[in-house]
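For reference, the structure is listed below as structure tokens.
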Amino acid sequence: MSAGVDDSSARPVGGPTDPHAAWLRAGQARQQAKRAEQEQSAAASAAADPKRDYAKRYREEHREEIRAYRAKYHAENRDEVNRKNREYMRERSRKMRAQKERREKDRERVRRWTEANRERKRETIRRWHAEHPEKTGGVLAALLRGANRDAVLARARQRRDQSPEKVKASSRDWQQRNREHLTEWQRQYRAENPDVYERALQSNRESKRLARRLKSLGLPAKRVRRSPGSRAASGMRRSRGSSSSGTGR
């Protein structure tokens, strides 16, 4: 649970919490506060600069006159307007190409630095999370996942299917570095979802009985064929993962 997020209103009567709903409301509250602050800042700027406020009111009060003047000027100076537009678009395209080249160079430079300083980068990220608990813990990530859930899941499936060994190694590394956090999360999940935990235990017991039965009969162990990139396969992985985590294995 993210620090500073109240999930009491996200808890149904007699049911577990819904952290995503609490995170979403927290993000919406921050956006509303930000908009209110921007409106107050704009009002203060207008009060400090009366000329600016007068120009804005003039444009709003003479909108049709300004539009008619511009249409007349464009009709009378079409060649000159078109020439300036072409020059503007050429300069804009040049700047966009230059920005793209700079971004690509920056990405390459960051990639090389990251490969040479992986542990240093991880330490920097951990230190930033510790110094900004109100900005971490899944609040922003939950908002992004809610708005782009399908795209995020599609990229995750593609990355997993293209580099399965790399994904497994990364998962093992994360579990080793966050063992205490994972243990606490499993304990809280079992406490809040006793029915799900009991079903997981029962499923594991049945799987072990089946494995022993097949072994005693001299038959091969049961194999599960998974379809890469499918939602069904992803769901099976999540359910099997929760079963394993529930048993503490």
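The values are calculated or read from the model by the stated rules, or taken from the named source; none is laboratory data. All values derive from a computational prediction rather than experimental measurement. Every residue, glycine among them, receives a Cβ derived from its backbone with ideal geometry; neighbour counts consider all protein chains shown. SASA here: full protein model, heavy atoms, side chains in, ligands and nucleic acids out. Shrake-Rupley method; radii C 1.70, N 1.55, O 1.52, S 1.80 Å.
Side notes on the structure shown:
- Residue match in segment 78-100 (condition: closer than 30 Å to Ser170 by Cα and in a helix (DSSP H, G or I)): no
- Enumeration of residues in segment 209-224 that are part of a helix (DSSP H, G or I) and either in contact (Cβ under 8 Å) with a residue 12 or more places away in the chain or open to solvent by 100 Å² or more (accessible area, probe 1.4 Å) (or both): Arg209, Leu210, Arg212, Arg213, Lys215
- Counted residues, segment 61-77 - those being assigned to a helix (DSSP H, G or I) and among the polar types (S, T, N, Q): 0
- Residue in segment 184-206 that is without any contact (Cβ under 8 Å) to a residue 60 or more places away in the chain and closer than 18 Å to Ile125 by Cβ present: no
- Candidates in segment 191-208 are the residues that are within 29 Å of Pro164 (Cα to Cα) and not polar (S, T, N, Q); of these, the one that is most open to solvent (accessible area, probe 1.4 Å) is Arg199.
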